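Worksheet: one structure, shown below.
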Amino acid sequence: MPEWRDVCELAALSDTGSAGFAVGEGDWPLPGFVVRHGDKLRAYENRCPHAGHRLDWVPGRFLDRNRQHIMCASHGAVFEPLSGVCVGGPCPGAQLKSLPVRCTPDGQVQVDVEGWSWNRS
Ligand code: FES
């Protein structure tokens, strides 16, 4: 059963924009982010497949200077925004963990967090 959570307003994302969010309470909420690329939305866990660090060097800033790729601040891994696949840096071919995302008719971006947890097999 999907568990849709509001994460941001679509209007808060430019045509190639990103925004971070966290799900859960306490000291270790689950960090994620959404990326808008034209008319497409994607959501990913904010965890780099290279060494497990958060990707954003400034909270909420996930895109490179040209806003064409997602970039990890730690060691410079570069990811395609629509697939989450690493195309440059230390982990080529590795993939960000994606989350189901949608936009409601009133412009609310939502992510399905059902089954998303720190426990990974
Ligand atoms: S942790 Fe992201 S490139 Fe190393």
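The values are calculated or read from the model by the stated rules, or taken from the named source; none is laboratory data. Remember, predicted model here, so these are calculated numbers, not experimental data. As a convention, Cβ positions derive from the backbone with ideal geometry for all residues, glycine included, and neighbour counts pool all protein chains shown.
Going by the structure shown, is residue 6 acidic (Asp, Glu), modelled with pLDDT of 90 or more and either more than 13 Å from the ligand (Cβ to nearest atom) or closer than 25 Å to residue 106 by Cβ (or both)?
Here the answer is yes, as residue 6 does meet what is asked.
Please verify whether segment 25-37 includes one or more residues that are within 15 Å of the ligand (Cβ to nearest atom), at pLDDT below 95 and under 21 Å from residue 5 (Cα atoms).
Checked against the condition, which is being within 15 Å of the ligand (Cβ to nearest atom), at pLDDT below 95 and under 21 Å from residue 5 (Cα atoms), segment 25-37 yields at least one hit.
Restricting to segment 86-96, give me the number of residues that are in a loop (DSSP other than H, G, I, E, B) and either touching a Phe, Trp or Tyr at 6+ places or on another chain (Cβ under 6 Å) or loosely packed, with under 14 Cβ neighbours inside 10 Å (or both).
The qualifying residues number 3.
Of these, 83, 74, which one is in a loop (DSSP other than H, G, I, E, B), free of Cβ contacts under 8 Å to residues at least 60 places away in the same chain and either in contact with a helix residue (DSSP H, G or I) (Cβ under 9 Å, 6 or more places away or on another chain) or more than 16 Å from the ligand (Cβ to nearest atom) (or both)?
Exactly one of 83, 74 is in a loop (DSSP other than H, G, I, E, B), free of Cβ contacts under 8 Å to residues at least 60 places away in the same chain and either in contact with a helix residue (DSSP H, G or I) (Cβ under 9 Å, 6 or more places away or on another chain) or more than 16 Å from the ligand (Cβ to nearest atom) (or both), namely 83.
If you check every pair at least six apart or on different chains, which have Cβ atoms under 6 Å apart with a residue in segment 6-19 that is of a type in the set (S, T, N, Q) first and a residue that is part of a strand (DSSP E or B) second?
Pairs that qualify, where the first residue is of a type in the set (S, T, N, Q) and the partner is part of a strand (DSSP E or B), are 16/37; 18/33; 18/35; 18/63.
Restricting attention to segment 68-77, which residues are surrounded by 14 or more Cβ atoms within 10 Å (Cβ to Cβ), out of contact with any Asp or Glu (no Cβ under 7 Å at 6 or more places or on another chain) and farther than 14 Å from residue 42 by Cβ?
Those that are surrounded by 14 or more Cβ atoms within 10 Å (Cβ to Cβ), out of contact with any Asp or Glu (no Cβ under 7 Å at 6 or more places or on another chain) and farther than 14 Å from residue 42 by Cβ: 72, 74, 77.
Please determine whether any residue of segment 28-45 is within 18 Å of residue 114 (Cα to Cα), over 10 Å from the mean Cα position of the chain (by Cα) and either surrounded by 19 or more Cβ atoms within 10 Å (Cβ to Cβ) or among the aromatic types (Phe, Trp, Tyr) (or both).
Yes; the residues of segment 28-45 include at least one that is within 18 Å of residue 114 (Cα to Cα), over 10 Å from the mean Cα position of the chain (by Cα) and either surrounded by 19 or more Cβ atoms within 10 Å (Cβ to Cβ) or among the aromatic types (Phe, Trp, Tyr) (or both).
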